[in-house]
Amino acid sequence: MIKDIKGLITALKPQAIKADLELLTEGIMVPEATEDLSTFSIQGGLKLTLSAKKSISSIIIQFLGSYQNLKQQNKQCEKGSTLIENQLELMENTLDFKQGTSVLEFELALPRSLPSTISSDAIKINYTISAVINVEGEASPLICQLPVRVTNNYLVPYLNDLLDTYSHTGNIQSKINYSLNFTKRVFNMGESVNFNVDLDTTQDIKVNSLTVSLLQRETITNFEEPNNTTNVINSTLNRDIRILCTTNCSTHPNQFIIPLKQKLNKRTLVPSINTKEFEVSHQIQLLINYSVQGQTPQIRFVKVPIAIQSCDSDAFSLSALPKYSQFDLNSVLIPIGELPPVYCN
């Protein structure tokens, strides 16, 4: 009873320090890695609101990324693993903060190999930014956390091979010539996979139906616990999922549209990605059901690889950045509320 009363008194006691974290951008867009640049920087601010004067001995900004294989049967793997843990010491000497609001700006370097945030029924990747504030006279530090969404469209497997228009042709028993025609093979979440199928058949062939499916293949490997090199768990999960399908045989050429934004597939559809921990790839599968005159129906599968991105690549346009050439480089003023970027090597 006394313990409960003490807890209630503590809860009703005004908070001496209130901390809020924010980034200059909504989420993190990872730029493409190059031979010269393997890292990039994010910028943000820590706002401290004090009800009374306080002495703060140190402030540490931490960036944590965790990965979880939800299909792994091993309980240790189900707890997840750390993908990245970066930190910087924002303040290392004790400073006195007056009553009121103070804002401390920071910049943190991160690798350009960061995979996108994922939340599916097989793979989970989450990121958080934390501020650990050590206040003199307090037994435990004040911790402020901010969940962050990361988007990296440059880890798509075979991306350069998928950017151009594409036509896949072939024949079946020298009786059916088929062609799948794509204006592009890289698609964004929220749009539709749109392509045409052309068929040229001999007179003794009847095409009963065409069925198109979007296949997702998940390969998860090399799951390991960090900080414990002697206890590495090697596991491999291969899973093929048919996400969406559509049937059409009434028009010629046959046009297929597969929308990539459906509530039923929110927990299933994952962006195409290739890292050392896992790979997610996508294919369009065409099933041709046909009959040769006087024979039983037969089927033939045709598969074409595509890629799915987590957002529109236009979000990576440099047009949103300040035009540094339009102001005096010797000036200490920048025309928008942004720190000068630091490009790390």
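Points to keep in mind about this one:
- For the range 51-160, the Kirkwood radius over C-alpha pairs fed into Stokes-Einstein at 20 °C and 1.002 mPa s yields D = 130 µm² per second.
- Between Ser192 and Glu89, the FRET efficiency estimated from the beta carbon spacing at R0 = 51 angstrom works out to 0.60.
- When each of Thr268, Thr296 is scored by the number of other beta-carbon atoms lying within 10 Å, the sequence from fewest to most is Thr296, Thr268.
- Residue order, fewest to most surrounding Cβ atoms within 10 angstrom, among Cys144, Cys245: Cys245, Cys144
- Packing-based exposure ordering (other Cβ within 10 Å, fewest first) of Arg185, Arg217, Arg239: Arg239, Arg217, Arg185
- Base-10 log of normalised Debye intensity for the range 116-173 (one unit scatterer per alpha-carbon) at q = 0.17, 0.21, 0.28 Å⁻¹: -0.82, -0.93, -1.12
- All Cα-Cα distances of the range 94-216, cut into 10 Å bins from zero to the largest, leave 8, 23, 20, 16, 12, 9, 6, 4, 1 percent in each bin in turn.
- Estimated distance in nm for a label pair at Asp240 and Asp200, the labels positioned 7 Å out from Cα along Cα-to-Cβ: 3.0 nm
No value in this document is a laboratory result; all are computed from the given coordinates. This one's a predicted model, so the numbers in the text were calculated from it and none came from an experiment. No Cβ is skipped: glycine too gets one built from the backbone with ideal geometry, and neighbour counts run over all protein chains shown.
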